[in-house]
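This report concerns only the one structure given below.
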Amino acid sequence: MSERSKVYQQVLSEIQRLIKEDGYLPGDKLPSERQLSVQLDAARSSVREALRAIELLGIIETRQGEGTYLRDYQTYHAVELLASFVLQDSRIQEELRQAKKILENHVLSIDSLSDQQLKQLREILADSSLSKEEKHHHFFLVFFKANDNQLLLRIWRLMQDFSENIEQDVYHDQYYCDMLKKYN
């Protein structure tokens, strides 16, 4: 790895740390290139290169004459970029499907749901404005939240985002109704 690459990666990591530790929120203005260069003790060219990389991922946006701002970043920005490369392999696609099903089966095994959660699930199934993919997402989101395991929820969301970039199994409404019967 060249010295230039090392510096660039260090600057990239430092900018990421800065955003996280200083509590920047979407819409907040980041320090200028010059300020970041001084603050991170790095060349402006390295800072500029790192900012461009972050901008390509959709995390920040540069407004001409105004500065650089943190965008409303969601995992899907990076997922879309990575999915176009990673999900070319059919074996990886199948492994993703299997892993996602394992997580979904795990959360379906919880002992009970509150009346409010059951009501939410019924409303999701009755909502004709939702696509099959949206129903699946919202349905399982209720179960993952009921499971109260934030790490599993994040992993599943990432897998769900990746899954939207490939053909996925489509479940029929009866599948979801059968799941609900377990909790009535």
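Quick rundown of the values:
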read-out	value
Net charge of neighbours whose Cβ lies under 14 Å from the Cβ of Asn147, counting Lys and Arg as +1 and Asp and Glu as -1	0
Area of Lys29 that stays accessible when all protein chains are in place (1.4 Å probe, Å², to 10)	110
Ranking by accessible area, most exposed first, for Ser128, Ser13 with a 1.4 Å probe	Ser128, Ser13
Proximal lysines relative to Lys20, as straight alpha-carbon distance under 29 Å, when same-chain residues fewer than 8 apart are discounted	Lys6, Lys29, Lys100, Lys145
Sequence of Asp178, Asp111, Asp148, Asp22 from largest to smallest accessible area, 1.4 Å probe	Asp111, Asp148, Asp22, Asp178
Arg52-Ile110 pseudo-label distance in nm [points 7 Å out on the Cα-to-Cβ vector]	4.6
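The values are calculated or read from the model by the stated rules, or taken from the named source; none is laboratory data. Not measured: the values here are computed from a predicted model. Ideal geometry is used to build each Cβ from the backbone, glycine not excepted, and the neighbour counts take in all protein chains shown. When the accessible area is computed, the model is the full protein with side chains, heavy atoms only, and any ligands, DNA or RNA have been set aside. Shrake-Rupley method; radii C 1.70, N 1.55, O 1.52, S 1.80 Å.
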